[in-house]
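The values are calculated or read from the model by the stated rules, or taken from the named source; none is laboratory data. Every value quoted in this text rests on a predicted model; they were computed, and no experiment measured them. Every residue, glycine among them, receives a Cβ derived from its backbone with ideal geometry; neighbour counts consider all protein chains shown.
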Amino acid sequence: MSYLVLARKWRPQTFDDMTGQEHVVRTVANAIKMNRVAHAYLFCGPRGVGKTTAARLLAKALNCENGPTPEPCGKCQACTEIAAGTSVDVAEIDGASNNGVENVREIRENAKYLPQRDRHKIYIIDEVHMLSGAAFNALLKTLEEPPGHVKFIFATTEAHKLPDTILSRCQRHNFRRISAAVMLQRLKYICEQEKVAISERALSMVVRQSEGGMRDALSLLDQIFSACGPEPKDEDVADALGTIDRTVVQDFADALVRKDARRVLERVEEVFNRGTDLKRLTEELALQLRHLFVAKTLGEAPAELAESERNALTALAKDADPAQISRLFDVVHGCVWDVSRAAHPRLALEMALLKAIQLSPVGSIPELLARVDRLAAGLGPEDARKVAAGAPGGRSSSANFRSH
Ligand SMILES: [Zn+2]
């Protein structure tokens with residue numbers, strides 16, 4: 001059997017399988033149960049989050065021999081043909097290449113006739129925002145008074161480009177980007193089933209790069225599997241994705257928090273020699289510091305990260321001070337633009353990182369107060385009173401500890 005790409009192999013075949021779009025699934029399933037299915041649906045949302053998949057599932061739900069049902073059998077002729085895209089009564093139309101008025105006229109002519117075999121004639125139009133103005137006008141008439149056996153399911157990434165007249169005649173559902181934690185779980189499951197030994201850390205790189213699109217994430221996995229075989233190593237995954245190995249970014253953050261300027265400079269040299277895109281690195285580092293701040297604030301690292309990464313981050317957060325992390329973030333985030341525009345990006349990055357180390361506060365307020373207490377305790381009662389009152393003698397001793 002030829003290789004089936006993961007996005008097709010793992011395309012959800014039931015509403016329950018649809019990862020991250022529970023809010024849409026619930027409403028649509030209820031409508032089917034209560035026999036209140038609209039005649040036109042509009043599925044909007046970013047690319048690769050399951051709009052077309054949901055459209056096919058809805059078509060199956062409506063036309064399944066055992067339906068209409070929110071749980072189509074997946075086995076009858078209607079279900080299998082819809083899944084394969086060969087059903088006579090379900091037309092999948094790419095709006096980008098069939099955007100003319102003549103294409104819509106053809107749909108209108110066809111829609112008059114009863115379905116050949118199944119319950120409904122269903123038109124799924126993908127990228128519907130690409131239709132021409134005249135095509136939308138032609139579509140409008142059918143949308144206003146569609147024959148009872150006709151259903152339309154439109155999908156688009158750019159709902160704002162649709163005329164209001166079309167929008168107002170559709171039941172609209174907004175698909176969301178899939179959250180990083182949910183996607184990580186799903187990818188882990190798929191990799192287990194595919195018997196590929198890939199680390200959670202590597203998967204979280206995939207999650208980050210795919211920005212909430214399941215289809216993109218699965219395409220990236222395909223790419224990794226073919227480039228790195230069944231046991232991909234983290235650094236090979238990073239190379240295959242063209243991203244930066246997470247351990248490098250983590251080490252940078254660690255060195256910054258610990259004010260280890262020597263290590264910072266060594267790491268910059270390493271990544272520079274490896275040919276890493278320094279702007280990308282700076283962005284990743286800013287993101288890492290954001291995660292660190294989250295970990296400090298919430299007491300736990302963001303769920304979208306691999307477990308080993310979360311542990312390292314939580315531990316580092318314990319040793320860091322909020323004001324310090326915030327300062328580090330400001331400097332690193334602020335230099336992304338500089339690094340991308342500088343004649344010598346390496347120089348810009350090195351200077352920014354050293355500055356970040358120099359400028360970050362010496363310690364937290366409670367830590368400083370404890371130091372003051374310790375110093376005051378070492379002095380006689382008379383001197384301690386002077387320190388408290390900010391007398392000249394006291395000020396010189398506070399100046400002393402500030403320089404440490
Ligand atoms: Zn069926």
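Could you tell me whether residue 91 is crowded, with 19+ Cβ neighbours inside 10 Å, touching a strand residue (DSSP E or B) at 6+ places or on another chain (Cβ under 9 Å) and either basic (Lys, Arg) or in contact (Cβ under 8 Å) with a residue 24 or more places away in the chain (or both)? Taking the combined requirement at face value, the residue does not satisfy it. With (1) surrounded by 15 or more Cβ atoms within 10 Å (Cβ to Cβ); (2) at pLDDT below 75; (3) closer than 30 Å to residue 283 by Cβ as the list, and residue 361 as the residue in question, which single condition is left unmet? Looking at each condition in turn, residue 361 falls short on (1).
Give just the number: which of (1) of a type outside the set (Phe, Trp, Tyr); (2) more than 16 Å from the ligand (Cβ to nearest atom); (3) modelled with pLDDT under 95; (4) crowded, with 20+ Cβ neighbours inside 10 Å does residue 116 not satisfy? It fails just one condition, (4). Just one of the listed residues (4, 58, 62) is modelled with pLDDT of 90 or more and within 31 Å of the chain's Cα centre (by Cα), namely 58. Determine, yes or no, whether residue 271 is β-branched (Val, Ile, Thr), at pLDDT 90 or above and part of a helix (DSSP H, G or I). No: the conditions fail for residue 271. When residues in the stretch 47-74 are screened for being more than 9 Å from the ligand (Cβ to nearest atom) and acidic (Asp, Glu), 1 of them pass. Restricting attention to the stretch 36-46, report how many residues are part of a loop (DSSP other than H, G, I, E, B), of a type outside the set (D, E, K, R) and either within 20 Å of residue 150 (Cα to Cα) or within 16 Å of the ligand (Cβ to nearest atom) (or both). Summing the residues that are part of a loop (DSSP other than H, G, I, E, B), of a type outside the set (D, E, K, R) and either within 20 Å of residue 150 (Cα to Cα) or within 16 Å of the ligand (Cβ to nearest atom) (or both) in the stretch 36-46 gives 3.
Considering (1) closer than 20 Å to residue 82 by Cα; (2) surrounded by 19 or more Cβ atoms within 10 Å (Cβ to Cβ), the lone condition that residue 104 does not fulfil carries the number (1). In the stretch 199-266, which helices (runs of 4 or more DSSP H) lie fully inside it and hold 3 or more residues that are more than 15 Å from residue 306 (Cβ to Cβ), of a type in the set (A, V, I, L, M) and out of contact with any His (no Cβ under 8 Å at 6 or more places or on another chain)? Of the helices (runs of 4 or more DSSP H) lying wholly inside the stretch 199-266, those with at least 3 residues that are more than 15 Å from residue 306 (Cβ to Cβ), of a type in the set (A, V, I, L, M) and out of contact with any His (no Cβ under 8 Å at 6 or more places or on another chain) span 214-228, 246-257.
To keep it simple, each residue is scored yes or no on (1) in a helix (DSSP H, G or I); (2) surrounded by 17 or more Cβ atoms within 10 Å (Cβ to Cβ).
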| site | (1), (2) |
| --- | --- |
| 140 | yes, no |
| 147 | no, no |
| 154 | no, yes |
| 166 | yes, yes |
| 172 | no, no |
| 181 | yes, no |
| 185 | yes, no |
| 191 | yes, yes |
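Selection of the stretch 82-96 for residues being more than 10 Å from the ligand (Cβ to nearest atom) and assigned to a helix (DSSP H, G or I) yields only 84.
Return yes or no: is residue 15 away from the ligand (no atom under 15 Å from the Cβ) and either surrounded by 15 or more Cβ atoms within 10 Å (Cβ to Cβ) or over 26 Å from residue 193 (Cβ atoms) (or both)? It is false that residue 15 is away from the ligand (no atom under 15 Å from the Cβ) and either surrounded by 15 or more Cβ atoms within 10 Å (Cβ to Cβ) or over 26 Å from residue 193 (Cβ atoms) (or both).
One line per residue, one yes/no per condition, for (1) more than 17 Å from the chain's Cα centre (by Cα); (2) in contact (Cβ under 8 Å) with a residue 40 or more places away in the chain:
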residue	(1), (2)
246	no, yes
257	yes, yes
267	yes, no
278	yes, yes
302	no, yes
307	yes, yes
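For the stretch 118-147, residues that are free of Cβ contacts under 8 Å to residues at least 40 places away in the same chain and closer than 27 Å to residue 67 by Cβ total 8.
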